[in-house]
């Protein structure tokens, strides 16, 4: 349902086909909007907005990291950015835009080349008072390409806006890499220090924290903000540093002792309380 407040907010019409409301992270076909619209995962919505705000301009990887993840207290790898761009492309294609309007420029960044119009929602659609209708299986394709809605990230204490936060991020990154390296080099003896906490988001999850319930709660919270998932056989290793100032998650396509394992890491800076 379109409210007077939402009708006044800025939206983007992409290639005369899709409407994107960045304030509510919603995107959907212009025809029948918003009944077939979906809510995007946070980083997907923010990266799409960044591209549209700089339409026909190159947006560097450094700008993406600083504008989307680091402001939330997270440090992610380049692979996470590429996965997010891939999700944007899937959403656009599922919504009816066949042309690839998100270009990859090697060693430079990414660029949107959309036919773009910007304005208030009521410029493109008339306010509707009808109740939501059911969505057919064909119409759900766009929803399958988009991530679930997530709550806004909590406000960070001043500490996380200081230079010390970046130092901490660096330390956590080194710790997470050291954990992975030692697991791969030393074998099962190191892995035994991690507690299996169950299968979450397709991953067999292990935690350095012995409290399984809180570990599951923390991992679930991280998946609401970051795109953490596994294919068949994938594993995830969640590590808390000793001072409990943050956590890292290493996602592998198989057990990390396998020399062919491919792993990626996400570092999240947040004070955790074991109470």
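Observations on the model:
- Listing 105, 19 from fewest to most neighbouring C-beta atoms within 10 Å gives 105, 19.
- Residues 207, 86, sorted so that the one with the fewest Cβ neighbours within 10 Å comes first: 86, 207
- Computed E for residue 262/residue 98 - FRET, C-beta separation, R0 30 angstrom, nearest 0.05: 0.45
Bear in mind these aren't lab numbers, they're just calculated from the coordinates by the rules spelled out. Note that this is a predicted model, so its numbers are computed, not measured. Neighbour counts are summed over all protein chains in view; Cβ atoms, including those assigned to glycine, are modelled from backbone coordinates with ideal geometry.
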